[in-house]
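Enquirer: Once you've had a glance at the structure underneath, I'll fire off some questions.
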Amino acid sequence: MAQVVTPRNDVPSSSGDTTVTVEILPGVRKLEFRKINDSTQLQILAGNVKLKQGSSLFFCDSCVINNSTQTFEAWGNVHINDADTANLFAKHLRYLIRKKMAYLDGNVKLTDGKGTLTTPDLVYDMDKDIGTYLHGGKVVNKSTVLTSQEGYYYAGIKDVYFKKNVLLKDPAYTITADSLMYNTQSQIASFIAKTLIKDSSGRTIETKNGYYNLFNGKAEFGDRPVIRDKSLIIEANSIINDDSSGVSQARGNVVIMDTAQHTTIIAGEVFRDNKRDRMLATRKPLMIIKQDRDSLYIAADSFYSARLTDLYKRKDSLKKDTVKGVKVVNVNKVAKNDSTNRYFEAYRNVRIFSDSLQGISDSLFYSFKDSTFRMYQRPVLWANHSQITGDTINLFTQNKKAKRIEVFDNSFIANQLDPDIFNQIKSTRMVGRFTDGQLDSVRATGLAQTIYFIQDEDSAYTGINESSCDIIDIYFGKKEMEKIIFRSQVNGTIWPMFMKDPKAMRLPNFIWLEDRRPKTKFDLFE
């Protein structure tokens, strides 16, 4: 016949309340009653001990039940089955019957069917299904291992709250934090404190809140997370990442720094394809190309960047670019992981600013391999007091400084002397050269025409040269046109100043666009 441990007399309870009483199940090999004093009686059980409280089962080698204190202690192969919610194992158990509190020690193990916790000692609340350890613990869930100094195991919802010196190790990731929430069923790690994540490729993620799903690789990070991926440093208000697809989305004050290329991108939103190493930046993106003294700023409606080897996949080297005889690098000789194996595109409302050079266009292409900016659709460049326009403009740089410029079709240079007075040169094609970032000279070829205002030593206007020639060389000094040389047969006239109105002296297609010129880098944010 089963024995029942009844509750204390001073605590109201129904004798049939099995959620409070502990029942001794049949099968125990030895049962002994021992009276200690008038108020204390012990029940000593040994061999195949089985107890039951409500829907919870207790197993052990031996047990002592104290009716007066409403406690029992168990030794040897202790096992608790808590209503099939969790299974606990230990060498020793002290149990408070009425409070349903279990104090376990000696190789404690708790499992909920998904993960397994091991710890030296554990306090388990049978009523709330909460286990607490304070002296170090480890949770193993498939290939994921989590350790911490303290932990709270919510068996009912399969959540574990790790605290102090938290370390999560997974074949693909290592996570360190002061505090971390982990669900053994969904395999989702939730970040509630400063956390560092490092993957097998060496990429690191610093975050303060968010989650990471170790099952499908989807994650979201908040509170200005920082990602360091080789030469890239990415920071934003929040970042959504999917490792299975390799796509990530950074939102809110996004900053991406490339330490290899010395570039920085600022944008409202950035999408990255990590597997194909490509990126799209939107919502007022700005790119900064760092230079020693004169950094270059580029703004547009959107930016796109990817690998050159993905753009040109043909095995034969490209002989010519799509733009008028511009040679393209042999991308087959570019290593896939070479830092120069990249190109950059800007679309719509492109604006460029540096102290020495400013520009606008509808779109722009930049190759990190040959350091060339290609500007399309009504491009304009300003260098000091000179404005350069054409159908297409290629700006070649060296060591991040302007080195050479090529202008194709409808090439035009206008150099402002006074509000309504402009030196002008028009031709089919122009090639210009820079010295220390300043426009030094330009050669105009093909149906070249010029209107040039002649000045004396006191800068007084003495005449107007209106001429045409096959080749014209222009030299700049003190940021203005200083000398013009005609290299072949010249047709033209030198007009006295009184015979012409300077305001009317304009070559065909002349246009002055100073009002669209970025005056400072802050204009690019408008």
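Enquirer: Local charge sum around residue 123 (other residues, Cβ-Cβ under 14 Å, Lys/Arg +1, Asp/Glu -1)?
Expert: -3
Enquirer: If you average the alpha carbon positions of the range 387-433 and of the range 164-212, how far apart do those two centres end up, in angstrom?
Expert: Cα centroid of the range 387-433 versus Cα centroid of the range 164-212: 54 Å apart.
Enquirer: From the residues 380, 280, 267, which one has its Cα farthest along the dipole of the chain in the positive direction, the dipole being from +1 and -1 charges on Cβ of Lys/Arg and Asp/Glu about the Cα centre?
Expert: Going by the charge dipole, the pick is 280.
Enquirer: Quick check: net charge around residue 395, other residues with Cβ under 13 Å of its Cβ, Lys/Arg +1 and Asp/Glu -1?
Expert: Its environment carries a net charge of +4.
Enquirer: Which log10 I(q)/I(0) values does the chain give at q = 0.06 Å⁻¹ under the Debye formula, counting every alpha carbon as one identical point scatterer?
Expert: Values, matching the q order: -0.52.
Enquirer: Could you work out the helix-only [θ] at 222 nm for the chain, with each DSSP H run of four or more residues adding -39,500 (n - 2.57) and the total divided by the number of residues, to the nearest 500 deg cm²/dmol? Present the calculation step by step, with values, prior to reporting the outcome.
Expert: On the way: 1 runs with 4 residues, N = 526.
Here the helix-only value at 222 nm equals 0 deg cm²/dmol.
Enquirer: Same structure again: Run the dipole for the chain about the Cα centre, Lys and Arg Cβ at +1, Asp and Glu Cβ at -1, nothing else charged, and hand back the magnitude in debye, nearest 20.
Expert: So the dipole magnitude of the chain works out to roughly 1360 debye.
Enquirer: Next question, about the same structure. Any chance you could list the semi-axes, whole Å, largest first, of the equivalent ellipsoid that the Cα gyration tensor gives for the range 471-524, using √(5λ)? Please list the in-between numbers first.
Expert: Numbers: eigenvalues 166, 66, 29 Å².
Whole-Å semi-axes of the equivalent ellipsoid: 29, 18, 12.
Enquirer: Cβ under 14 Å from residue 251's Cβ, residue 251 left aside: what net charge do those residues give with Lys, Arg +1 and Asp, Glu -1?
Expert: 0
Every number in this text was worked out from the coordinates using simple rules, so none of it is lab data. Computed from a prediction, not measured in an experiment: that's the story for all the values here. Don't worry about glycine lacking a Cβ; one is built from the backbone with ideal geometry, like all the others, and counts go over all protein chains shown.
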